[in-house]
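Participant: My questions all concern the structure below.
The values are calculated or read from the model by the stated rules, or taken from the named source; none is laboratory data. In this text the structure is predicted, and so the values were computed from the model without any measurement. Note: ideal-geometry Cβ built from the backbone for every residue, glycine included; neighbour counts use all protein chains shown. These accessible areas exclude ligands, DNA and RNA; they are computed on the full protein's heavy atoms, side chains included. Shrake-Rupley method; radii C 1.70, N 1.55, O 1.52, S 1.80 Å.
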Amino acid sequence: MDIRLTPEQEAFRDGLRIWLSSNLEQDWDGDRYRGPTDDVENFALQHAWERKLHEGGYGGLHWPTAYGGRGLGIVEYFVLMEELGRVAAPEGINSIGRELVGPIILDAGTEAQKRRFIPRIISADDIWCQGFSEPNSGSDLASVQTFASRTDDGWVINGQKVWTSYAQFSNWCILLCRTDRTVPKHKGMTLFLVPTAQDGLEIRSLRQITGRREFNELFLTEMRIPDSLRLGPVNEGWQVANRVLAFERGTTRLYRQARFAHELRGLARLVLSGAGNKRADKALLFGRLSARLGILRQHNLRIVSRIAAGEAIGPEASLQKLNWSILHQDIMADAGELLGDAFLEHPAAERFRETYLQARAETIYAGTSEIQRSIIADRVLKLPRARKEGV
Amino acid sequence: MDIRLTPEQEAFRDGLRIWLSSNLEQDWDGDRYRGPTDDVENFALQHAWERKLHEGGYGGLHWPTAYGGRGLGIVEYFVLMEELGRVAAPEGINSIGRELVGPIILDAGTEAQKRRFIPRIISADDIWCQGFSEPNSGSDLASVQTFASRTDDGWVINGQKVWTSYAQFSNWCILLCRTDRTVPKHKGMTLFLVPTAQDGLEIRSLRQITGRREFNELFLTEMRIPDSLRLGPVNEGWQVANRVLAFERGTTRLYRQARFAHELRGLARLVLSGAGNKRADKALLFGRLSARLGILRQHNLRIVSRIAAGEAIGPEASLQKLNWSILHQDIMADAGELLGDAFLEHPAAERFRETYLQARAETIYAGTSEIQRSIIADRVLKLPRARKEGV
Amino acid sequence: MPLEFFRTADDRLLFDAVSNAFSADRQECEPDAPDAESRAAMTIGRQGLIQPVNMPGRSAEGVSLIEASAIVEAAGMSQVPFALSESLVLVSALTAAGTVVGDGLLNGDEKVGVAPFSHVNSEVDWVLHPGAIDANACNGQFKEGAAGQKVEVDLDLRPLLWVLMAADILGSAQAMFDKSLGFMGERHQFGQPLSSYQALRHRAADDWVLLEDMRAAIDYAAVLFDSAAEPGEILQAARIAKATASHAGPVVAENAIQHHGAVGFTWEFGLHFGLKRIKSLSLRQGTASDHYRLIGEQYLADIAKTFVNSGA
Amino acid sequence: MPLEFFRTADDRLLFDAVSNAFSADRQECEPDAPDAESRAAMTIGRQGLIQPVNMPGRSAEGVSLIEASAIVEAAGMSQVPFALSESLVLVSALTAAGTVVGDGLLNGDEKVGVAPFSHVNSEVDWVLHPGAIDANACNGQFKEGAAGQKVEVDLDLRPLLWVLMAADILGSAQAMFDKSLGFMGERHQFGQPLSSYQALRHRAADDWVLLEDMRAAIDYAAVLFDSAAEPGEILQAARIAKATASHAGPVVAENAIQHHGAVGFTWEFGLHFGLKRIKSLSLRQGTASDHYRLIGEQYLADIAKTFVNSGA
């Protein structure tokens, strides 16, 4: 085992640190890391940051140079994620493009699709959203009902999607549709790439318990698209998406660990400044949280080094999804214990109040904790079931 | 609401306290409350104590005077249980007789059975054990295979039982047997009262992880008993047993709460004597455990006052089983945290080391915690199931 | 009177009547609307002094703490948008102090707040400062007019405040729990209702146990208060109620959101009103751990006393 | 050399070889039999000094901490009835001190113990006293002959001891977990295997996560040690390994017993050997909370430093 970076990787990290210190706003700090509460202002800030990153040469870091990427490895990508998280840089608005659509197109797209879409994801010229969930699917993603019928020159799509983050700011959407109702449900779905400004697509935003409007509903009514916007083979959308989703669970948002560490440091500073609950067992709570954050990073290290060694990441990624989402909720619970009344009233605790609410969603989206445990029981532990069960 | 005892009940309690102070051995203390580790010595001590209690007039407290009981109410019984627990009096060896067999006979026995067995349970002349579980039943009690066939003058029984506590010291056993294999499994069982010193019954003791031998296996081979030892109607053994088991979960061993409180006081004394782990957050751990013990007592108060008011105790008793068994394990876990090395080495911590092991069984026997949660989900919350599930 | 540690038919009648009043009220106002405050204050402002049932000289308008906690639990259940616990305690304090202000409050002419509940205090005429949480001091409560008047009161308000805050948490958590049970029965995933999945069934069972634990702790502290038990005993029981509710309330509330999936995360579905109410009540006036520590300090002090005695 | 934070084929080879040796050994002796001690000591006594892999002057007999922890994990898994962690650390200490005793130990001629492991110390020739757990002092280790000789050593033994104790807990817990998985697949209740019940499936998944957390923490501390990282960083990582194992080990072990039902409670089935081993290791040399607090004190001290700096 060895966890040291190569001299080249260290040089990359040092350059990045210098770039960040001169490109993040001078007074940028953790308490603004979620961006302005006004959704439009927030979009502008997030998008501007993504463009800046691209201009700095940090877009498409581990994607092929043929499509505008930098052609570097997963370790450099991990370094980038850690450094961005460490300073709580804006998350950007196009994570679906960078972390889901890009990888799927690179994996299953046509050469034309790669040349058309990948460079514009890297440059943040296109913003993508994801139309997978439906009102009656939820955890059971394979039960989608939105239907795409073949026409002479393409497809006509009818249905409804929900929980589509940032759809109102996106110009493209990746859509999972049923294309065959006569086969078992995992075998009759197809992926499409759909422009959002188009007849037959209506977007309605939903307010979340944080007060922000990130979620949207999509209503698709006789929406027509050409066959060139189909992604991957007909009826293999589930397999194509899942191949990448498994990878995604392991590698997307590697910056989370570093961002949580940034949050915990902010919490510690607030407590050390005297705002805290005098009776709290600070040493125990910070010790436990920082230890768990350390382990979270070590799991990231393991995943990254296994990918670097050419190994596949499978259901082990469920471990990391479980761990980070529960740890984040626990950090926010302990923030209440550590701050007491100040959690509710202190101006500098605003970020923790919002994150407390936001974190409720994290054990639900991208596969609930219950789904992750079932994946582990099925695929890692291979525990026999008596009969077919969904979860 | 009112939780004060009547003047009569207070007088009963005061008399009991005086009796206990002069009848428990002078140097009796909590660290000997489990009795000698030698099983035979322990039996002698426990049995002697039960006889003494009877001689003091505290046997069959809330049982009818017609069968040798004192004819008092559930509140006096509760007071007795609390006072016994408060001084960590020996538990006795015949709890199956007092808490299971007695109530079932009183509920479903013939007049002759009542006259024959109840007085001898009260006087501790008979010691009872319970043959319900089998190697392949466990939580699924209704799946018993031990079979009782009709003969001209009675029954002949073949099969195997397990986890039969104190069978080696008992002279009687209550046995649940299948008597009809052609009906649904809950409807073909019958209860029998069986003398243990009898041809066709072999008892083999099992050692537990505490080192004690309380469990036994029973091997039944062509064992013959007369029909007069059948308890309740043929094929209704499950219903008869369950009616009492529900009650039992709520009211047996009401002394547990008081006994756990005694244990916690012993732990506190050991910690205050300087044996403890200097870094432990004593206030938090003792505060949390004592608060939970308080709530455990309040649930007991509720159950007792509802019975006193003539109400039935149903699945709510599962709450109490869950609570006490988990709390007891948590007390022992915190004992480790509070004592550190001393938990492993201090002579006065011997009782906690043994109880730590013993408490592992408590979330398993008398219905596992999983079974209790399922009972609550089914019968209290009435959560719909998709289809028949066992648990 | 026999041992009777459960809610009687009369108790349930009161609870239902208050619940109905609150939910009728709720239909006319948005949960966060400030207009609702005075309405809610009217509903409960008339209750007057909370005092032991069998205390000599108990006022006719008085309510027992059992009754008051049923009222507050119902308010939590209906998400009455008002700091009801504090208001009831304040009315008690002022009535006990016998000032004219007491009447003004009872009539609804004057508004009151409790420090540090800043959201209530913005437009009030009187502010109540409960004493700091302290294991040893049982006095330390005083009230103070916004204009600077100050009258000492002779009633330890902390047990009242803690028990009622716990009751508010219980009612709010019960409502969220009930909603999640309903949702689990209706919502299907993988062809089955959510309620058929054992992991969710068992978690719901555990949450129900937590709700019953809160209820037992609240009722016990209230009945001790109502029977004019020894003050130290009442205080310890009230701390157990507040600690238990501060611990268990957020667990039940957060699980209720989890069991709703993404739907529970939408503003429109409204679960966040209950979550914020519970979280706020659980952190104010001492967190769960704060109270557990105070309980433990008292517990160990009591043991140490017997220890010294037995050693002597 | 690329980033490589996982066990390589070589690591697994070592682990398997040691496991096989231990389980062959185990078949011949009862878990609690004292005879087994010397046998086990022979098996591992030859390993010699644990020291950073790329330290100048590394001895040929030396093993890395990654290797040593794999050996100890395998010992835990096979329930080798010997305080292996302490023995390995002792051998390291003595070898580092360069005494003749070192050779005696390496040859198996002399027996050693580590305070406060009294069950090992009864018939030993040498006793090692690891320094008291202390956030600030990194020295304070010394060894001492039973006859009173005393030699200072220059190696902070705490990281070694904590990481190896954590590895022993991990191996023991993994063995109990594996047994419970097997049992759950075979044992039927209500007509289905236990493994088909979601509540048990999910608890098993959580336990697996705990095992992987331990593994990650142990490997990380070991690889830091082996790369001769900054001593403070190594110490903090070793504390995380010990804290994590002391917390998670008993949880996994106790769940394994629960999942066996009454069978797991019998002496003959043998789960208690693992349970006691884990419980004992988890309480010795600092409980989980002790180590978490020390980690937190260090964490807060580090933050306070940057705080002052940024304020200046």
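Participant: Quote the total accessible area buried by chains B and C together, excluding ligands, DNA and RNA, probe 1.4 Å, nearest 100 Å².
Facilitator: Working: alone 18610 and 15330 Å², together 29220 Å².
In total, chains B and C hide about 4700 Å² from solvent.
Participant: Just checking the output field for B:338-345: average partner chain Cβ neighbours within 10 Å of each residue's Cβ?
Facilitator: Taking all residues of B:338-345 together, the mean is 5.
Participant: Nearest beta-carbon of A to the rotation axis carrying it onto B: which residue, how many whole Å?
Facilitator: Closest Cβ on chain A to the axis mapping it onto B, in Å: A:Asp281, 3.
Participant: For the stretch C:158-311, with only Lys/Arg (+1) and Asp/Glu (-1) charged at the beta-carbon, what is the dipole magnitude about the Cα centre, in debye rounded to 20?
Facilitator: 380 debye
Participant: Please work out the FRET efficiency for the pair B:Trp28 and B:Arg4, using the Cβ-Cβ distance as r and a Förster radius of 35 Å; give the result to the nearest 0.05.
Facilitator: Working: r = 30 Å, r/R0 = 0.85.
The pair B:Trp28/B:Arg4 has a calculated efficiency of 0.75.
Participant: Once the Cα atoms of chain A are picked out, what are the Rg and Dmax in Å?
Facilitator: Taking only Cα atoms of chain A, I get Rg and Dmax of 21.5, 72 Å.
Participant: Let me ask something additional. For peptide D:6-17, what's the mean number of Cβ atoms from other chains within 10 Å of each residue's Cβ? Don't jump to the answer; show the numbers that get you there.
Facilitator: Numbers: counts 8, 2, 2, 0, 0, 1, 0, 0, 0, 0, 0, 0.
Mean partner-chain Cβ count within 10 Å for D:6-17: 1.
Participant: Relative to the isolated chain, which residues of the stretch C:285-301 have their accessible area cut by 50 Å² or more in the presence of all protein chains (1.4 Å probe, heavy atoms, no ligands or nucleic acids)?
Facilitator: The answer is C:Asp290, C:Tyr292, C:Arg293, C:Tyr299, C:Leu300.
Participant: Provide the packing ranking of B:167-180, A:280-293, C:242-255, i.e. peptides ordered by the mean count of other C-beta atoms within 10 Å per residue, highest first. Each step should come with its number before you reach the end.
Facilitator: Working: B:167-180: 22.4, A:280-293: 23.9, C:242-255: 26.4.
Highest mean packing first, the order is C:242-255, A:280-293, B:167-180.
Participant: Can you send over the carbon and sulfur percentage of the accessible area for the stretch B:89-159, probe radius 1.4 Å, protein chains only? Don't jump to the answer; show the numbers that get you there.
Facilitator: Numbers: 1060 of 2390 Å².
In the stretch B:89-159, the share of accessible area belonging to carbon and sulfur is 44 percent.
Participant: Using a 1.4 angstrom probe on the protein heavy atoms only, line up A:Thr252, A:Thr221 by accessible area, largest first. Intermediate values should be presented prior to the final figure.
Facilitator: Working: A:Thr252 25, A:Thr221 85 Å².
The ranking, largest first, comes out as A:Thr221, A:Thr252.
Participant: Here is a further query. Give the Rg (one decimal place) followed by the Dmax (whole number) of the stretch B:300-351, computed from C-alpha coordinates and expressed in Å.
Facilitator: Just the Cα atoms of the stretch B:300-351 yield Rg and Dmax of 17.1, 50 Å.
Participant: Also: List, largest first, the extents of the alpha carbons of the stretch A:68-129 along their principal axes, each in whole Å.
Facilitator: Largest first, the stretch A:68-129 extends 37, 24, 16 Å along its Cα principal axes.
Participant: At D:Glu186, with labels set 7 Å past Cα in the Cβ direction, how many nm apart are the copies from this one, shortest first?
Facilitator: List, nearest first: 4.7 nm.
Participant: Which links in B:Lys282/C:Lys242; B:Lys161/B:Lys185; B:Lys282/D:Lys279; A:Lys278/A:Lys321 stretch past 22 Å when you go from one Cα to the other? Display every interim value, and only then the final one.
Facilitator: Working: B:Lys282/C:Lys242 20 Å; B:Lys161/B:Lys185 17 Å; B:Lys282/D:Lys279 20 Å; A:Lys278/A:Lys321 33 Å.
Cα-Cα > 22 Å for A:Lys278/A:Lys321; rest within.
Participant: Here's a follow-up. Provide the per-residue ³J(HN,Hα) series for the stretch A:231-237, in order, calculated from phi with Karplus coefficients 6.51, -1.76, 1.60 and θ = phi - 60°, each as a whole number of Hz, with x at glycine and proline positions.
Facilitator: Using θ = phi - 60°, the values come out as 10, x, x, 4, 6, 10, x Hz.
Participant: Then there is this: Per DSSP H run of n ≥ 4, the term is -39500 (n - 2.57); total these for chain A, divide by its residue number, and report the mean residue ellipticity at 222 nm rounded to 500 deg cm²/dmol.
Facilitator: Values: 12 runs with 172 residues, N = 391.
Counting only the DSSP helices, I get -14500 deg cm²/dmol.
Participant: Starting from a label point 7 Å past Cα on the Cβ side, list the distances from B:Asp227 to the same position in the other copies, nm, shortest first.
Facilitator: 8.3
Participant: A further question follows. With chain A treated as a Gaussian network of Cα nodes joined by springs under 10 Å, which of A:Ile371, A:Ile121, A:Ile331 yields the largest mean-square fluctuation?
Facilitator: Most flexible of the set in this elastic network: A:Ile371.
Participant: How many nanometers, to one decimal and shortest first, lie between the label point of C:Ala17 and those of its other copies, if labels sit 7 Å from Cα toward Cβ?
Facilitator: Nearest to farthest, the other copies are at 8.4 nm.
Participant: Suppose R0 equals 41 Å. What FRET efficiency, 1/(1 + (r/R0)^6) with r the Cβ-Cβ distance, do A:Arg150 and A:Val40 give to the nearest 0.05? Before the final figure, lay out the partial values.
Facilitator: Working: r = 39 Å, r/R0 = 0.94.
Result of the calculation: an efficiency of 0.60.
Participant: Find the accessible area per residue for the stretch B:51-119; the probe is 1.4 Å, ligands and nucleic acids are left out, and the unit is Å². List each step's numbers first, then the result.
Facilitator: Values: 2460 Å² over 69 residues.
Result: 36 Å² of accessible area for each residue.
Participant: Take the solvent-accessible surface of the protein heavy atoms, probe 1.4 Å, and return the percent of it on the stretch B:216-308 that carbon and sulfur atoms account for.
Facilitator: On the way: 1540 of 3030 Å².
Carbon with sulfur: 51 percent of the solvent-accessible area.
Participant: Mean shadow of the stretch B:151-283, computed from the convex hull of its alpha carbons, in nm²? List each step's numbers first, then the result.
Facilitator: Values: hull surface 48.7 nm².
Projected over every direction and averaged, the Cα hull of the stretch B:151-283 covers 12.2 nm².
Participant: Distance in whole Å from the C-onto-D rotation axis to the closest C-beta of chain C, together with the residue it belongs to, please.
Facilitator: Axis relating chain C to chain D; nearest Cβ residue and distance: C:Gln198, 2.
Participant: Still on this structure, please answer the following. Report in % the part of the accessible area of the stretch C:158-311 that belongs to carbon and sulfur, leaving out ligands and nucleic acids; probe 1.4 Å.
Facilitator: Values: 2230 of 3770 Å².
The nonpolar share, carbon plus sulfur, comes to 59 percent.
Participant: Evaluate peptide A:300-307: per residue, the Cβ atoms of other protein chains within 10 Å of its Cβ; return the mean as an integer.
Facilitator: On the way: counts 2, 8, 10, 2, 2, 5, 4, 1.
That average works out to 4.
Participant: Also, I was wondering about something else. Suppose every K and R has +1 on its Cβ and every D and E has -1 on its Cβ; what is the size of the dipole of the stretch B:7-93 about the Cα centre, in Debye to the nearest 20?
Facilitator: Working: 8 positive and 16 negative charges, 54 e Å.
Once rounded to the nearest 20, the dipole reads 260 debye.
Participant: Evaluate the charge dipole of the stretch A:182-234 about its Cα centre and quote only its size in Debye, nearest 20, assuming +1 on the Cβ of each Lys and Arg and -1 on the Cβ of each Asp and Glu.
Facilitator: Numbers: 8 positive and 6 negative charges, 53 e Å.
That gives the stretch A:182-234 a dipole magnitude of about 260 debye.
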